[in-house]
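The values are calculated or read from the model by the stated rules, or taken from the named source; none is laboratory data. Values in this document were obtained by computation on a predicted structure and should not be read as measured data. Cβ placement follows ideal geometry from the backbone for every residue including glycine, while neighbour counts extend to all protein chains displayed.
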Amino acid sequence: MIEASERMVDHPELDEINRRLKPLYCELRATNTPCPLVIDASAAKQISLSHHSAGRDATYVHVSRKRKGNLPLDDLAVTIRYAPFVEGTTIIYDLLEETMQGKARPFVCDLTHGFLRMYMLLPFQLERTSIGIAGMGRNRVLEVAFLDSRDEIIQAALPFQLRFLESMGETLASKYTTTNRNGQFVHELPPASSSVTVRSCLTGREETRTP
């Protein structure tokens, strides 16, 4: 288990990021494998990389500026490349922008106006969200998973926003959460909810299920 200081970024501007991704941080584990992202020696003087396992299928990578106290930020953009073992078909997701960045090709990481960027690497693309309802009446249980192109569960902790809505469309409850490292999420369904919306924090795509 990684330390809380490694999971959380201590800066007022990033409170929202930490609130949104805190459930994910709790599922991350340290790994002794090499980091899949690579920077050159000159960039390493200003940038640090850390990575953690998010389950069998995913790796989380944190790219951050090295601290300069209260000094103003200078312009900083570095080219990110990939370790030789990373397949060219690997899919990169930008967790701050909530977008699929694309396949494993070198890209420029601009840290001029911020302290960090966060990425998720998956061996295949997230294709759709599975939202299931089990049980009946007050014993209904929500089951969420994210699937690949073969409709198989992606075995990784993947963050998402969950909203329970009542019949008139008003939000009963909303929370940020994540699947576990096996790619599964189970939650008791509030009795008054008439629909459930899941928004992926990797793609920003929303899907709704009416029980």
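List of remarks:
- Checking each residue in region 94-118 for being among the charged types (D, E, K, R) and surrounded by 15 or more Cβ atoms within 10 Å (Cβ to Cβ) picks out ASP94, GLU98, ARG117.
- Candidate set: region 82-93, residues that are without any contact (Cβ under 8 Å) to a residue 40 or more places away in the chain and in contact with a strand residue (DSSP E or B) (Cβ under 7 Å, 6 or more places away or on another chain); chosen: the one surrounded by the most Cβ atoms within 10 Å (Cβ to Cβ): ILE92
Yes or no, residue by residue, for (1) within 19 Å of the chain's Cα centre (by Cα); (2) among the charged types (D, E, K, R); (3) not assigned by TED's automatic domain parsing to the domain that holds ASP40:
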residue	(1), (2), (3)
VAL108	no, no, no
THR112	no, no, no
ARG117	yes, yes, no
GLY132	no, no, yes
ARG140	no, yes, yes
ALA145	yes, no, yes
ASP148	yes, yes, yes
ILE153	yes, no, yes
ALA156	yes, no, yes
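- Residue within region 119-140 that is at positive phi and surrounded by fewer than 19 Cβ atoms within 10 Å (Cβ to Cβ) present: yes
- Scanning region 1-34 for residues that are assigned to a loop (DSSP other than H, G, I, E, B), at pLDDT 85 or above and surrounded by 15 or more Cβ atoms within 10 Å (Cβ to Cβ) yields a count of 2.
- The lone criterion from (1) surrounded by fewer than 16 Cβ atoms within 10 Å (Cβ to Cβ); (2) under 30 Å from ARG209 (Cβ atoms) left unmet by ASP75 is number (2).
- Residues located in region 157-211, provided they are farther than 30 Å from ARG56 by Cα, of a type in the set (A, V, I, L, M) and touching an Asp or Glu at 6+ places or on another chain (Cβ under 7 Å): LEU172, ALA192
- Some residue of region 175-191 being among the polar types (S, T, N, Q), modelled with pLDDT under 95 and under 20 Å from ILE133 (Cβ atoms): no
- Per this entry, ARG163 is not counted among residues that are out of contact with any strand residue (DSSP E or B) (no Cβ under 7 Å at 6 or more places or on another chain), modelled with pLDDT of 90 or more, within 22 Å of ILE17 (Cα to Cα) and surrounded by 14 or more Cβ atoms within 10 Å (Cβ to Cβ).
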